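The values are calculated or read from the model by the stated rules, or taken from the named source; none is laboratory data. All values derive from a computational prediction rather than experimental measurement. All Cβ positions, glycine included, derive from the backbone under ideal geometry; neighbour counts span all protein chains shown. Side chains included, ligands, DNA and RNA excluded: accessible areas come from the protein's heavy atoms. Shrake-Rupley method; radii C 1.70, N 1.55, O 1.52, S 1.80 Å.
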Amino acid sequence: MVFSSLTFLCLFLPLAVIPYYLCKNRTWRNGLLLVLSLFFYSWGEPKYVVMMLAATVVAYLGGLAMAAWRDKPRARRAVFVVTVVLVVLNLLVFKYLNFFWDNLTRFLPVQGTIPEIALPIGISFYTFQILSYVIDLYRGKVKLQRNFFYLLLYISFFPQLIAGPIVRYSTIEEEILHRRESWEDVAEGLRRFILGLGKKVILANGAAAVAELIYGGNPEIYGTAMYWLAAFAYTMQIYFDFSGYSDMAIGLGRMFGFHFLENFNYPYLSRSATEFWRRWHISLSSWFRDYIYIPLGGSRVSRGKWVRNILVVWGLTGFWHGAEWNFILWGLYYAGLLLLEKFVLGRVLEKLPAVIQWLYAFFVVNLGWVLFNLTDFSQLTHALHTMFVWQGTSLAQVLSADSEILFALLYLPLAFLFSFPVAKKLPKRQTPGWVLLEDGLYGLLFLLCIVYIVSSVYNPFIYFRF
């Protein structure tokens, strides 16, 4: 079930919010959210709920054992290591085993086959949430959660379950039992949800039409300009797809009294790759920083070890996104950019005009999304070759292949405009009349989204596959 489906908007969400606020007891409200979350996750893949439950049981029992052996450091550390290994092993088997086996049989004289393992939706996200709880508990940064169902609620809470943001236990530790809902939270959460819905349904889906028409069409009729157009379209698509989902998740959480941290901060304002990753998917980059990069020594090591740390973290960042070589290449691409900016480009960029810095960053980010998007290496190499070795485009052939591309192009300027903080330039709500007007516009945006959903057959979320 996706947030931008009529099933969710017209059935699930009303049937979640209304009973929730009819309940006055905190325990009943948490119980309702847990049942709703498990139902939400099981809507498409009921059998994978068992995996999530098993991983939660491992984390819960590991936490109890660490608490019981608080005065026995060696035993406590052993429990911690075993817990982390079991949780990570679950991710490795279901997301990466086929990848490892396929490459093993390709490069070594190994024969045999293993069953194709389907990827459970959201496993990368909820695995990282479980790990954040276990690691922070071991470090003494959070308290032990003795109630299994509350721990399960944290892991399975439906707004952020299948595509993030990665919510750390410390963020909502107190809110599980002591949050205070208000109608102001409901109203602000609903506005944030509608904004995210509009990003996804109108802008992301509109930009996706251009990218998919070109990447999925006959490569012989698309030249250099069209492949750069496809790269730009995908750059807009993935931003509005994922930031739209994050907005909806943050809005839904607030409707139920939870306050998630921001996951995007206008990343296309960046003037370097380094700045881009301070603004893009903040919950993921901060997770790798705190749980991988800093424990490896961060930047407070020798230059050689620091380079190693960067390569490890960004190789894992790429691999986290998918069991394909192009994701590893994408991660290492950013590792190379960050190292280049640290040692060479950073000093050069600082001396250049701001617009040149922005053009550089936007160029390398667009190029990076090409590496990210195209998992087929023959298609990837063709796209990169066409982008950098000029080939003309026959507009007549393009239009004869698919005339809908002209209509789809209309979304790109709008997407580009709203990838910048133009909304922050609007007047703040000060008078009842302005508040009424603004809420009316939100209502119109919601109705427009419904029209788009009803009339369109394309409505996936990119990050569901991670």
Nearest-0.05 FRET efficiency for Trp358 and Glu220, computed from C-beta distance (R0 51 Å): 0.90
Name the shape class, rounded, prolate or oblate, that the alpha-carbon gyration tensor gives for the stretch 315-429, where a ≥ b ≥ c are the square roots of its eigenvalues, rounded holds for a/c under 1.5, and otherwise prolate holds if a/b is larger than b/c and oblate otherwise. oblate
When the Cα centres of the stretch 263-328 and the stretch 181-257 are compared, how far apart do they sit, in Å? 23
Cα to Cα, under 23 Å, and not fewer than 8 places away if on the same chain: which lysines meet these conditions relative to Lys141? Lys72
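Please work out how much length the chain gains when fully extended from Arg139 to Leu340, using 0.36 nm per residue of separation minus the C-alpha to C-alpha distance, in nm with one decimal. Each step should come with its number before you reach the end.
Working: separation 201, 0.36 × 201 = 72.36 nm, distance 3.38 nm.
So the chain would gain 69.0 nm between Arg139 and Leu340.
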Classify the stretch 17-150 as rounded, prolate or oblate from the Cα gyration tensor: take a ≥ b ≥ c as the square roots of its eigenvalues, call it rounded if a/c is under 1.5, otherwise prolate when a/b beats b/c and oblate if not. oblate
With each pseudo-label sitting 7 Å past Cα toward Cβ, what's the Val451-Asn265 distance in nm, one decimal? 3.7
Would you calculate, for the chain, the mean residue ellipticity at 222 nm contributed by helices, counting each DSSP H stretch of 4 or more residues as -39,500 (n - 2.57) and dividing by all residues, to the nearest 500? -20500 deg cm²/dmol
Using a probe radius of 1.4 Å on heavy atoms only, what accessible surface per residue do you get for the stretch 230-315? Whole Å² is fine. 34
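Starting from the Cα-Cα distance between Arg180 and Thr105, subtract it from 0.36 nm times their residue separation and give me the gain in nm to one decimal. Numbers along the way, then the final one.
Working: separation 75, 0.36 × 75 = 27.00 nm, distance 5.54 nm.
Additional length available on full extension: 21.5 nm.
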Just order 90-102, 360-372 by mean Cβ neighbour count inside 10 Å, highest at the front, would you? 360-372, 90-102
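Tell me the carbon and sulfur percent of the accessible area for the chain, rounded to whole percent, probe radius 1.4 Å.
On the way: 14800 of 22060 Å².
Ligands and nucleic acids excluded, carbon and sulfur give 67 percent.
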Quote to one decimal, in nm, the extra length available between Leu417 and Arg300 on full extension: 0.36 nm per residue of separation minus the C-alpha distance between them. 38.1 nm
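Beyond 20 Å between alpha-carbons counts as too far, so tell me which of Lys199/Lys424; Lys47/Lys95; Lys95/Lys143 fall in that bin. Can you show the working numbers first?
Values: Lys199/Lys424 16 Å; Lys47/Lys95 16 Å; Lys95/Lys143 30 Å.
The answer is Lys95/Lys143.
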For Glu438 and Arg146, extending 7 Å from Cα along the Cα-Cβ vector and measuring point to point gives, in nm, a value of 4.5
Taking the structure as given and computing Rg and Dmax of the Cα atoms in Å, which label from (1) 34.6, 107; (2) 31.6, 103; (3) 23.4, 76 fits? (3)
Label Thr381 and Leu97 with points 7 Å out from Cα along Cα→Cβ: what is the distance between them in nm? 3.2
What base-10 log of the normalised intensity I(q)/I(0) is obtained for the stretch 104-203 from the Debye formula, alpha carbons as equal point scatterers, at q = 0.12 Å⁻¹? -0.61
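Loop sites only, by DSSP: take the GluC sites (Glu not before Pro) in the chain that have at most 13 other C-beta atoms within 10 Å and name the longest stretch containing none of them.
Longest gap between qualifying sites, sites excluded: 263-403.
Between their Cα atoms, which of Lys305/Lys342; Lys200/Lys342; Lys24/Lys200 are more than 24 Å away from each other? Numbers along the way, then the final one.
Details: Lys305/Lys342 15 Å; Lys200/Lys342 35 Å; Lys24/Lys200 34 Å.
In this structure, Lys200/Lys342; Lys24/Lys200 exceed 24 Å between Cα atoms.
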